[in-house]
4 protein chains.
Amino acid sequence: MVSSMNGYDANKDDLQKRLRRIEGQVRGIARMVDEDEYCIDILTQVSAVTKALQAVSLGLMEDHLGHCVVDAARESHEAGDAKVREAADAIARLVRS
Amino acid sequence: MVSSMNGYDANKDDLQKRLRRIEGQVRGIARMVDEDEYCIDILTQVSAVTKALQAVSLGLMEDHLGHCVVDAARESHEAGDAKVREAADAIARLVRS
Amino acid sequence: MVSSMNGYDANKDDLQKRLRRIEGQVRGIARMVDEDEYCIDILTQVSAVTKALQAVSLGLMEDHLGHCVVDAARESHEAGDAKVREAADAIARLVRS
Amino acid sequence: MVSSMNGYDANKDDLQKRLRRIEGQVRGIARMVDEDEYCIDILTQVSAVTKALQAVSLGLMEDHLGHCVVDAARESHEAGDAKVREAADAIARLVRS
């Protein structure tokens with residue numbers, strides 16, 4: 001698959017910015033543990049990072065549906081069905097994670 | 001939208017069977033509460049029903065993507081975009097519930 | 001275990017009321033399927049029921065921690081540890097469902 | 001609160017190791033985006049990180065219940081109730097994230 005076919009192409013900078021922020025948040029949690037901060041405060045931060053990751057997933061999924069799945073659906077029934085199947089599996093992983 | 005356009009049409013009997021089973025499971029939980037069963041056993045049952053409802057949602061979402069969204073994508077860019085937007089919002093509700 | 005030891009004893013009526021409402025909501029979803037309502041509207045209702053079940057779980061868990069776990073902790077270290085272990089497993093099931 | 005009262009004290013090294021691994025995984029996802037990898041492969045990795053963070057939360061919560069909540073329950077009814085209330089709120093954030 002060539003890069004121009006990825007659903008997230010137009011949002012790549014925003015995506016990288018979000019991931020860098022999440023990386024920093026995880027580092028911040030490690031620092032909280034290091035400084036013996038209170039369990040509940042650490043849990044609150046972990047929940048915030050989990051939510052930020054979910055927002056990344058939801059954005060990626062919307063881009064994927066709007067580009068890869070829609071393009072495949074226009075190409076052929078078989079291509080569309082395969083992409084829908086694959087997207088549905090990814091949604092299931094997302095819901096269960 | 002006419003009824004024949006619903007993504008779940010082909011799976012309607014299976015869907016109704018699952019929903020009746022879930023309804024019975026909820027009634028079973030009420031009976032457990034009535035009979036003063038142990039909190040953890042009730043919690044286990046509630047988790048099982050939540051999982052069953054998620055399976056219903058994931059099935060509905062796959063049918064919806066494979067029919068409503070794919071059909072709209074073939075119809076026009078505008079129709080496809082609108083359906084993708086709507087599906088993405090439903091996926092977000094699903095992930096957050 | 002005698003009934004008076006259940007964490008949810010004081011909230012039994014409220015719990016039963018919530019479960020009856022959830023049972024009615026599941027029946028409502030089956031009716032929506034029967035009447036060929038739009039996939040996304042059905043998905044919205046399933047998400048609402050999932051949220052209502054989660055609220056039931058969270059209420060049960062708080063009652064369980066505040067009664068069964070706290071009582072066991074006051075009884076002995078072994079009893080407390082066993083109840084904490086059991087509650088942690090139930091929280092994991094809840095988070096993953 | 002002095003550091004010796006934190007529930008995670010005994011697991012601090014393991015916790016730090018997990019957080020460093022998660023930080024590396026997030027950096028790996030940013031690299032995947034940089035190299036234009038396929039949306040679904042990126043989504044799979046994001047789900048894996050979300051699961052790893054949930055495991056961190058569940059471990060922290062078990063430690064917190066087994067130490068902070070249990071200790072408070074032994075100290076007084078008021079202290080126990082306050083800690084249970086606080087833990088229940090954190091569990092709710094965890095379930096909803």
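The values are calculated or read from the model by the stated rules, or taken from the named source; none is laboratory data. Everything quoted here is computed from the prediction, not taken from an experiment. Glycine gets a Cβ as well: all are built from the backbone with ideal geometry, and neighbour counts include every protein chain shown.
Pairing residues of the stretch B:20-38 that are farther than 20 Å from C:Asn6 by Cβ with residues that are charged (D, E, K, R), at Cβ distances under 8 Å and at least 6 apart in sequence or on separate chains, gives B:Glu23/C:Glu23; B:Glu23/C:Arg27.
May I ask you to say which residue of A:Ala90, A:Ala10 is part of a helix (DSSP H, G or I), more than 18 Å from D:Arg31 (Cβ to Cβ) and modelled with pLDDT under 95?
Values: A:Ala90 fails: modelled with pLDDT under 95.
A:Ala10 is the lone residue from the list that is part of a helix (DSSP H, G or I), more than 18 Å from D:Arg31 (Cβ to Cβ) and modelled with pLDDT under 95.
Among the residues of the stretch A:27-56, those that are charged (D, E, K, R) and within 19 Å of D:Ala30 (Cβ to Cβ) comprise A:Arg27, A:Lys51.
Yes or no: A:Met1 within 7 Å of another protein chain (Cβ to nearest Cβ) and either in contact with a strand residue (DSSP E or B) (Cβ under 9 Å, 6 or more places away or on another chain) or at pLDDT below 95 (or both)? The answer is yes for A:Met1. Tallying residues that are surrounded by fewer than 19 Cβ atoms within 10 Å (Cβ to Cβ) and either assigned to a helix (DSSP H, G or I) or at the interface with chain B (Cβ under 9 Å from one of its Cβ atoms) (or both) within the stretch A:68-87 yields 10.
Are there any pairs with C-beta distances below 6 angstrom linking a residue in the stretch A:39-54 that is under 21 Å from B:Leu94 (Cβ atoms) to a residue that is of a type outside the set (A, V, I, L, M, F, W, C) and assigned to a helix (DSSP H, G or I), with the two at least 6 apart or on different chains, and if so which? Note: pairs meeting the criteria are A:Ser47/D:Arg93; A:Val49/A:Gln25; A:Thr50/D:Thr50; A:Leu53/D:Thr50.
Looking at the stretch C:25-39, is at least one residue modelled with pLDDT of 95 or more, under 20 Å from D:Val69 (Cβ atoms) and of a type in the set (Ser, Thr, Tyr)? No, the conditions are met nowhere in the stretch C:25-39. Of the residues A:Gly59, A:Gly24, the single one that is within 16 Å of D:Gly28 (Cβ to Cβ), among the small types (Gly, Ala, Ser) and more than 7 Å from chain D (Cβ to nearest Cβ) is A:Gly24.
Scanning the stretch C:43-57 for residues that are surrounded by fewer than 21 Cβ atoms within 10 Å (Cβ to Cβ) and within 15 Å of the chain's Cα centre (by Cα) returns C:Ala48, C:Lys51, C:Ala52, C:Gln54, C:Ala55.
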